[in-house]
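Participant: Just dropping this structure here.
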Amino acid sequence: MKRGFLDKVEDNTAVRIWSEKMQQEKCDSLAEGYVSEHQGGQALVSSSHSVLKSCIQLLHFREVDLVPTVEEYTTLLRCPRVQVDKAYSRAANVLNFLKKLMNITGMSEQWVAARIKQKGDRKCIHWKNLRDLILAHPNVRKRVDVFALSIYGLVFFPRALGHIDEAVSDLFNRLDKWITPIPAILAETFRSLSPCRRAGEGRFIGCAQLLLAWFYSHFWKRAHWIIPNKILYRCGNFDWVPMLGVWGAVGYAPLLVLRQYKSRQFIPVTQRLAQCEFSYKEDNYKKRVRKILNAWNQTRRMKILAVNPMTTPEYSWWWGKRIRT
């Protein structure tokens with residue numbers, strides 16, 4: 001598929017006017033007495049509850065909402081800018097796990113089939129099998145590919161401890177098509193935190209190392225080099241940024257954390273953001289995936305410009321009511 005997306009850039013004032021118009025039309029955050037779906041949380045992403053409420057004490061810092069963003073993760077991982085708008089989605093005609101591993105490792109069907117394991121309802125391969133290939137594979141390029149796959153499966157998407165999940169191999173197998181992994185990494189980070197918060201416990205299966213690096217950049221030593229000159233704030237007909245992970249999708253609303261970018265904060269559009277989360281196990285998920293993928297062909301960005309005051313009067317009222325609720 002050729003890259004044919006439309007990218008528009010707008011200033012803060014234009015985006016604020018658009019946001020207020022959408023809220024008035026949809027009876028969203030500007031309605032009298034309305035409290036957004038993010039009530040009680042300082043999170044960027046929402047499921048049936050705020051996905052990042054589990055990090056509430058860390059993400060709410062000096063009366064500013066903070067959360068990992070696409071631009072920050074892109075900078076931290078040093079991803080090429082050309083990849084930014086080419087998001088990952090599960091291939092329509094997905095190769096089975098065996099074929100994908102054969103392509104990546106260069107090993108025979110018999111060798112791969114003997115090492116694939118079933119864990120629950122998913123297939124995977126143990127890290128020690130890949131480690132042996134990294135040390136002994138005769139093809140140097142294949143050694144690098146296998147090592148990179150291991151990092152994706154053990155660090156970025158550590159679903160099964162010590163194993164590389166089959167869904168990770170699908171993403172990895174398509175990286176040579178200049179697909180960015182950033183939205184998928186963020187999506188699974190947010191989706192993993194959500195059930196942990198609801199249950200009050202659980203195992204985080206997102207990239208803990210990258211999240212720690214992000215925390216460090218904000219709380220120990222503010223990395224001003226991370227602040228971009230423009231940010232992605234919505235895609236297509238969505239009022240936010242829908243993100244596709246390797247196991248499901250979630251909604252992401254950067255307009256909730258404009259102060260994080262040193263830009264003027266106004267009340268964001270949040271209606272139906274919670275309904276954007278779904279798993280690839282659900283019925284008709286492929287239709288929803290196609291809709292999101294098409295939306296990424298029409299991205300909109302906002303210019304970042306430091307101005308005073310940092311918040312609008314309406315936002316201060318809205319934020320205070322949200323915190324007290």
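A short reminder: the numbers here are calculations on the coordinates, not readings from a lab. These figures come from a predicted structure and were not determined experimentally. Glycine gets a Cβ as well: all are built from the backbone with ideal geometry, and neighbour counts include every protein chain shown.
Participant: Which ³J(HN,Hα) values in Hz, rounded to whole numbers, follow from the phi angles of the range 172-189 under the Karplus curve 6.51 cos²θ - 1.76 cosθ + 1.60, where θ = phi - 60° and Gly and Pro get x?
Facilitator: Per-residue couplings from phi come out as 4, 5, 10, 5, 6, 8, 6, 8, 7, x, 4, x, 5, 5, 5, 4, 6, 5 Hz.
Participant: So who's got an amide H within less than 5 Å of the one on V9, skipping anything under 5 residues away but keeping other chains? H placed 1.01 Å off N, in plane.
Facilitator: R301
Participant: Could you list log10 I(q)/I(0) for the range 152-227 at q = 0.12, 0.23, 0.26, 0.28 Å⁻¹, which the Debye formula gives when each Cα is one point scatterer?
Facilitator: -0.41, -1.11, -1.20, -1.25
Participant: Something else: Would you please give the residues with an amide H less than 5 Å from that of K123, counting only those at least 5 places away or on a separate chain, with H modeled from the backbone geometry?
Facilitator: Counting only residues 5 or more places away or on other chains, the set is E166.
Participant: With viscosity set to 1.567 mPa s at 4 °C, what whole-number translational diffusion coefficient in µm²/s follows for the range 97-173 from Stokes-Einstein and a Kirkwood radius over Cα pairs?
Facilitator: For the chosen part, D equals 107 µm²/s.
Participant: What is the order of T189, T105, fewest Cβ neighbours within 10 Å to most?
Facilitator: T105, T189
Participant: Which whole-number percent gives the relative contact order of the range 97-173, counting Cα pairs below 8 Å spaced six or more residues apart?
Facilitator: 31 percent
Participant: Mind checking the dipole of the range 97-173: about its Cα centre, +1 per Lys or Arg Cβ, -1 per Asp or Glu Cβ, Debye to the nearest 20?
Facilitator: 120 debye
Participant: Something else about it: What residues qualify as long-range amide H neighbours of G248, i.e. H under 5 Å apart, gap of 5 or more or another chain, H built at 1.01 Å from N?
Facilitator: Y280
Participant: Mind giving me the FRET efficiency for E109 and R78? R0 is 41 Å, r the Cβ-Cβ distance, nearest 0.05 is fine.
Facilitator: After rounding to 0.05, the efficiency reads 0.70.
Participant: My understanding is that a pair violates if its Cα-Cα distance is over 31 Å; which of K117/K286; K117/K281; K142/K230; K142/K287; K117/K291 do that in this structure?
Facilitator: Distance filter (> 31 Å) returns K142/K230; K142/K287; K117/K291.
Participant: Which of rounded, prolate or oblate describes the range 162-278 when judged by the alpha-carbon gyration tensor and an a/c cut-off of 1.5?
Facilitator: rounded
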